[in-house]
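Inspection log for the structure reproduced underneath, given as structure tokens.
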Amino acid sequence: MKILVTGGNGMVGKNILTHQQSKKYEIIAPTKNELNLLNYSDVEKYFKLNKPDIIIHAAGIVGGIQANILNPVKFLVDNIDIGRNVLIAARETNIKKFINLASSCMYPRAAKNPLTENLVLQGELEPTNEGYALAKIFSTRLCEYISREEASFLYKTLIPSNLYGFFDKFDPKNSHMLPAVIKKIHDAKEQGLKSVDIWGDGKAKREFMFAEDLVDFIFFSIENLEKLPQNINVGVSKDYSINEYYEVIAKIVGYNGKFIHDISKPVGMKQKLIDSSKANGLGWKPKTSLEEGIKKTYEYYRKEILKQ
């Protein structure tokens, strides 16, 4: 089976390419220089030339709360254009299998947790990442429409919880929460700082999954695509407060300072726990505990990022 991975240079893409299951397949992952996903004709030509059996769509403009607030136009327009180009080109070149990676930020901000797949478009989105969420909803719905119009097109969407792990971004300007906190607490320890700030009161809850576990499910999905529902949540079925994440990271890094809350800063949704019962019902469960995942990520940060 030939698999085409978009976003092969991102965190999920790199974890796909280095995963032990990847050796079973022929995988192509074009770089930005090889394939401009913002140009439809380039995408269609590339698909016609390479003829993949399945596409794993992991490409997109991503970032944390700060990046989303500062660049809403880019997060909306570029992600919609990328999703449209990849999906329509796949359909036009008769690629029958497609795994679309969405995001739990698609769910309404006030929805009851845990969040189930039928809640998409059932309420107002979280304003701090609305542009990104709208783009992900667009691609999710487009997969549904393509499959509805022609049942032979198996275009399914995975909705993962927040992710962290190997190949993550640790730059505070565009990183997600966990890698940003790992860097912040590591730096505080190295600099001998007595305190570290936390945005908001730290009571907001988040669910984080080790990226390798998502990739496990992606390879599971490749083999079981017909069994998958149209949209399926993939998470760890457990969330923690921001304060708890800071405490676990501080313990692993070996930082003994205090935490100071900056309540002037935005915090996003109060809770975002997804219901992964459908994924679990198919016989899949994540393998990595929070402490184990953070230990591995911190080790990666020290060995790979700090030595660059």
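The values are calculated or read from the model by the stated rules, or taken from the named source; none is laboratory data. Every value quoted in this text rests on a predicted model; they were computed, and no experiment measured them. As a convention, Cβ positions derive from the backbone with ideal geometry for all residues, glycine included, and neighbour counts pool all protein chains shown.
Screening the candidates Ala67, Ala59 for the property of being under 21 Å from Met1 (Cβ atoms) and small (Gly, Ala, Ser) yields one hit, Ala59. A search for C-beta distances below 6 Å between a residue of region 79-108 that is on the phi < 0 side of the Ramachandran plot and any residue that is β-branched (Val, Ile, Thr) and at pLDDT below 95, counting only pairs 6+ apart in sequence or on different chains, returns Asn79/Ile61. Among the residues of region 265-283, those that are out of contact with any strand residue (DSSP E or B) (no Cβ under 8 Å at 6 or more places or on another chain), under 26 Å from Ala111 (Cα atoms) and of a type outside the set (S, T, N, Q) comprise Gly268, Met269, Gly281, Leu282.
Being under 20 Å from His176 (Cβ atoms), assigned to a loop (DSSP other than H, G, I, E, B) and free of Cβ contacts under 8 Å to residues at least 40 places away in the same chain is a property that does not hold for Asn33.
Of the residues that sit in region 38-68 and are part of a loop (DSSP other than H, G, I, E, B) and closer than 19 Å to Lys169 by Cβ, which one is modelled with the lowest pLDDT? Residue satisfying both the conditions and the ranking: Gly64. Scanning region 180-232 for residues that are among the hydrophobic types (A, V, I, L, M, F, W, C), modelled with pLDDT under 95 and not in a strand (DSSP E or B) yields Ala180, Ala204. The residue pairs whose first member lies in region 261-278 and is at positive phi, whose second member is among the β-branched types (Val, Ile, Thr) and surrounded by 16 or more Cβ atoms within 10 Å (Cβ to Cβ), and whose beta carbons are closer than 6 Å, counting only pairs six or more residues apart or on different chains, are Gly268/Ile65; Gly268/Thr128.
Residue by residue, here is whether (1) within 14 Å of the chain's Cα centre (by Cα); (2) crowded, with 19+ Cβ neighbours inside 10 Å; (3) more than 25 Å from Asp53 (Cβ to Cβ) holds:
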| site | (1), (2), (3) |
| --- | --- |
| Ser152 | no, no, no |
| Lys156 | no, yes, no |
| Pro160 | yes, yes, no |
| Asp168 | yes, yes, yes |
| Lys173 | no, no, yes |
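Close contacts from region 38-58, counting a first residue that is touching a residue at least 60 places away in the same chain (Cβ under 8 Å) and crowded, with 17+ Cβ neighbours inside 10 Å and a second that is in a helix (DSSP H, G or I) and not aromatic (Phe, Trp, Tyr), with Cβ to Cβ under 7 Å and a gap of 6+ residues or different chains, come to Ile54/Ile222; Ile56/Ile16; Ile56/Ile218; His57/Val86.
Could we say that Lys238 is of a type in the set (Lys, Arg) and either at pLDDT below 95 or crowded, with 18+ Cβ neighbours inside 10 Å (or both) here? In short, no. Suppose the filter is within 19 Å of Phe220 (Cβ to Cβ), among the β-branched types (Val, Ile, Thr), modelled with pLDDT of 95 or more and not in a strand (DSSP E or B); does Val12 pass it? It is true that Val12 is within 19 Å of Phe220 (Cβ to Cβ), among the β-branched types (Val, Ile, Thr), modelled with pLDDT of 95 or more and not in a strand (DSSP E or B). Every condition in (1) surrounded by fewer than 18 Cβ atoms within 10 Å (Cβ to Cβ); (2) part of a helix (DSSP H, G or I); (3) not β-branched (Val, Ile, Thr) is met by Cys143 except one, and the failing one is (1). For the residues Glu299, Glu223, the requirement of being without any contact (Cβ under 8 Å) to a residue 24 or more places away in the chain, among the charged types (D, E, K, R), more than 24 Å from Gly64 (Cα to Cα) and exposed (fewer than 13 other Cβ atoms within 10 Å of the Cβ) singles out Glu223. Taking the criterion of being farther than 13 Å from Lys272 by Cα, touching a Phe, Trp or Tyr at 6+ places or on another chain (Cβ under 9 Å) and assigned to a helix (DSSP H, G or I), no residue of region 118-128 qualifies. Restricting the search to helices (runs of 4 or more DSSP H) fully inside region 234-308 and requiring at least 2 residues that are more than 30 Å from Lys156 (Cβ to Cβ) and not aliphatic (A, V, I, L, M) gives 242-253, 290-300.
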